[in-house]
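Student: Mind having a look at this structure? Questions to follow.
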Amino acid sequence: VGEGPRHHPLLAPLQLGRLGWSRRSFPLATRTLLFVAQMGPAPGTQPASEGPGVEVFDKTSGELIAKVELPANATGALMTYLAGDKQYVVVPIGGRGRPAELIALSLP
C-alpha cells in the first residue's frame, strides 16, 4: 500500500507502479471494494506525505479509488456496519501520545 520508493533517483528511470511500504496493514473486503488501513512511517524512513491512511481499491480492477488520511496510525482491524441506509467503515487509531479512538467513515 502506498507509493513506495519508486521516485528514488535510482528507481525513477524504471517508471515503476506503486511499490508500497513495509508497514503494518489492516485489510477489509466488501463485495466490491478492498479497504486497507495502514500505519504511518517510522521517523526518517519515507516522505511525510505518506502518512497513516485508508486506501480503497476496486476489487475487480485493482484500481485505487480513494485515499483517506487518518489523524493517527491505524492500530487494528477495520469494521463495517450498516445504520439506517448508510454503510460505515470504522478504523481504530492511536499511537504515541494519542489516546485510542475509533474513526467512522461513511460510504456514499
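Derivation of every value follows stated rules applied to the coordinates shown; laboratory data play no part. Because the structure is predicted, anything quoted here is derived from the model rather than measured. Here the Cβ positions follow ideal geometry from the backbone for every residue, glycine too, while neighbour counts run over all protein chains shown.
Student: For segment 9-31, state whether one or more residues are among the aliphatic types (A, V, I, L, M) and in contact with a strand residue (DSSP E or B) (Cβ under 7 Å, 6 or more places away or on another chain).
Tutor: yes
Student: If a residue has to be of a type outside the set (A, V, I, L, M) and closer than 17 Å to Arg31 by Cα to count, how many in segment 73-108 make the cut?
Tutor: Adding up the residues that qualify gives 8.
Student: Condition test on Ala37, is it free of Cβ contacts under 8 Å to residues at least 60 places away in the same chain and touching a strand residue (DSSP E or B) at 6+ places or on another chain (Cβ under 7 Å)?
Tutor: Against the criterion (free of Cβ contacts under 8 Å to residues at least 60 places away in the same chain and touching a strand residue (DSSP E or B) at 6+ places or on another chain (Cβ under 7 Å)), Ala37 qualifies.
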